[in-house]
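The values are calculated or read from the model by the stated rules, or taken from the named source; none is laboratory data. Source: prediction; values computed, not measured. Don't worry about glycine lacking a Cβ; one is built from the backbone with ideal geometry, like all the others, and counts go over all protein chains shown. Accessible surface is based on the protein model in full, side chains and every heavy atom, while ligands, DNA and RNA are left aside. Shrake-Rupley method; radii C 1.70, N 1.55, O 1.52, S 1.80 Å.
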Amino acid sequence: MTAPVPIVIDTDPGIDDALAILAAMADPGLTLLGLTTVFGNVPVETATRNALQLTALAGQETPVAEGAARPLLRAPAPHPDFVHGREGFGEAVLPPPERAPDPRNAASFLAETARDARDRGTPLTIVAVGPLTNLATALTEHPEMAQTVGRVVVMGGTLRHPGNVTPTAEANFWQDPHAAAQVLAASWPVTVVGLDVTECVRLYPEDLDALPQGRVHRFLREAVGYYARFHLESHGFLGCYLHDPAAVCATADPSLLETWRTQATVIVEGPEEGRLQASSSGQPVDVALAADAPGIRARLLTALKTYGDT
Ligand code: BDR
Ligand code: CA
């Protein structure tokens, strides 16, 4: 068996973020070293609280470091409470966190964790599943990160599939297109897991019936139920896309994706702001164009099944 991949998840939890984080904490192919939070699905303070609540739900003490409250340059967009609910988990409510966040900000936490992992001989993978503001800030403040980080796996963008916020833009790239452009332009290895594949991977509420009937199951049943109702109204099926879990599962097992190496940029202004585009300049990145959807769903559910029935 290969050694687990050390990861930090940069996140805006969020219902699919919650699925991804709970799976990451239980997946034997990953070691979750921390969570960094960013505005997006909810304000950053709520994202931090939610991340701490998820670690408590899983019985873990994973560090949580708070990051950006707004995009680098563009005006902040309203938080999409019609997708994830006002508090981020639909109508599911978790107990207030008993732990405090890590004293470091997200950028410092990422830089120090990357340096430590590199020094231990197993470089860090950052799995970014929200707007990319923290990663761009970290690159500016700690430019050595382009060398110390082993890989960045980004859930964001779309190349061939329509956007989910505008006809051409995906939500995470659209919320901070300048940050997305900076992350793709840096010389670290990047894998882009966008709507081209994540909208091919679905979870249905009844899939959760296979989980032990404990507190994780109760939380997910309620949160996923809310997310599924949004998908029914906007996409015509009672279930949900596994955006963020696809990025996490493919980090544990890259064979779950087929990728295409291309140079790519992100449009930062105008009616197509946030659009991911293949280009003839810039850094090469690996863009996922096809996925083993049953394999991703199975890996997610296998990890979630390890939570007990209390
Ligand atoms: C992305 O946007 C958010 O709503 C989800 O959590 C995911 O990260 C999908 O476009
Ligand atoms: Ca997210």
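Couple of notes before you dig in:
- Where HIS217 falls short, out of the listed (1) touching a strand residue (DSSP E or B) at 6+ places or on another chain (Cβ under 9 Å); (2) surrounded by fewer than 23 Cβ atoms within 10 Å (Cβ to Cβ): (1)
- Test for LEU52: is it over 27 Å from TYR226 (Cα atoms), in contact (Cβ under 8 Å) with a residue 24 or more places away in the chain and touching a Pro at 6+ places or on another chain (Cβ under 8 Å): no
- Selection from the stretch 36-54 of residues that are away from ligand 2 (no atom under 12 Å from the Cβ) and touching a helix residue (DSSP H, G or I) at 6+ places or on another chain (Cβ under 7 Å): THR36, LEU54
- The condition of being buried (at least 17 other Cβ atoms within 10 Å of the Cβ), farther than 24 Å from VAL5 by Cα and more than 16 Å from ligand 2 (Cβ to nearest atom) holds for only one of VAL224, VAL266, that being VAL266.
- Spans of strands (runs of 3 or more DSSP E) in the stretch 205-310 with at least 3 residues under 18 Å from the mean Cα position of the chain (by Cα): 284-291
- Answer residue from the stretch 280-290, given it is open to solvent by 40 Å² or more (accessible area, probe 1.4 Å) and in contact (Cβ under 8 Å) with a residue 40 or more places away in the chain and is farthest from ALA58 (Cα to Cα) among those: GLY282
- Any chance ALA111 is part of a helix (DSSP H, G or I) and in contact with a His (Cβ under 6 Å, 6 or more places away or on another chain): yes
- Being farther than 30 Å from HIS217 by Cβ, among the polar types (S, T, N, Q) and in contact with a helix residue (DSSP H, G or I) (Cβ under 7 Å, 6 or more places away or on another chain) is a description that does not apply to THR198.
- Looking at ALA24, ALA51, ALA3, just one residue is more than 17 Å from MET155 (Cα to Cα) and within 16 Å of ligand 1 (Cβ to nearest atom), and that residue is ALA51.
Yes/no per residue for (1) in contact (Cβ under 8 Å) with a residue 40 or more places away in the chain; (2) touching a His at 6+ places or on another chain (Cβ under 9 Å); (3) farther than 21 Å from GLU141 by Cβ:
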residue	(1), (2), (3)
PRO63	yes, no, no
GLY67	yes, no, no
PRO78	no, no, yes
GLY90	yes, yes, yes
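- Qualifying residue in the stretch 111-120 (condition: at positive phi and open to solvent by 20 Å² or more (accessible area, probe 1.4 Å)): no
- Leading residue by the ranking (surrounded by the fewest Cβ atoms within 10 Å (Cβ to Cβ)) among those in the stretch 135-191 that are touching a Lys or Arg at 6+ places or on another chain (Cβ under 6 Å) and part of a loop (DSSP other than H, G, I, E, B): PRO189
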